[in-house]
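Worksheet: the structure to be examined is printed underneath.
A short reminder: the numbers here are calculations on the coordinates, not readings from a lab. All values derive from a computational prediction rather than experimental measurement. Quick reminder, even Gly has a Cβ in these numbers, built from the backbone with ideal geometry, and neighbours come from all protein chains shown.
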Amino acid sequence: MLVTQCIVTISLEGEEYSVAYGGENLRDSFTDNQVGGEQGIVRTLIELLRLLDDFLPRINFGKPVAPPASITAPAAQQLASTGFSYLKRDLVRLLGILCHERKAVQDSVRACGGLEIIMNLCVVDERNPYIREHAIFTLHTLLAANPENQAVVDSIQPTRDWDNKNAFQ
């Protein structure tokens, strides 16, 4: 978490510095040489978010949301008690900062399936306060001036109906 917060701070301060003094934008140093490669910060963030979403169940209205069927109950219970609060929120925030007005980074997120991951995080999670707001901001930056990403989001259809009477059980 600390590394994520440091990268966020460096990215934001670096942008201010480059505007004020005409120097190199430090945010670019995290993304420029990473976008085209197999490994990179964007792909790593997306994979980490995917794993965290699978293994750390959301807490909604004081109750954990059931983890995927592939995770056993003891493993889910052990993961639920770990100290990874705020991690998903900070990772989504970092991704939103890195892809702001950077089409190559936006395209990289789409290529590794990140749009679906970000959309899946646009929910309330008491373990990650304000994750929904950060995910919506990140989704906004991913879709801004990027018709390819907009087309992917437009093509996504709901997979099941929501039953309101079971929402609070």
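So here's what we get for this one:
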item	result
Calculated FRET value between Ser18 and Val123, using beta carbons and R₀ = 41 Å, to 0.05	0.75
Neighbour net charge for Leu52 - beta-carbon separation under 13 angstrom, K R +1, D E -1	0
Gain upon complete extension [Leu2, Glu116; 0.36 nm per residue less C-alpha separation]	38.5 nm
Estimated FRET transfer efficiency when R0 is 30 angstrom, pair Ala104-Glu47 (beta carbons, to 0.05)	0.95
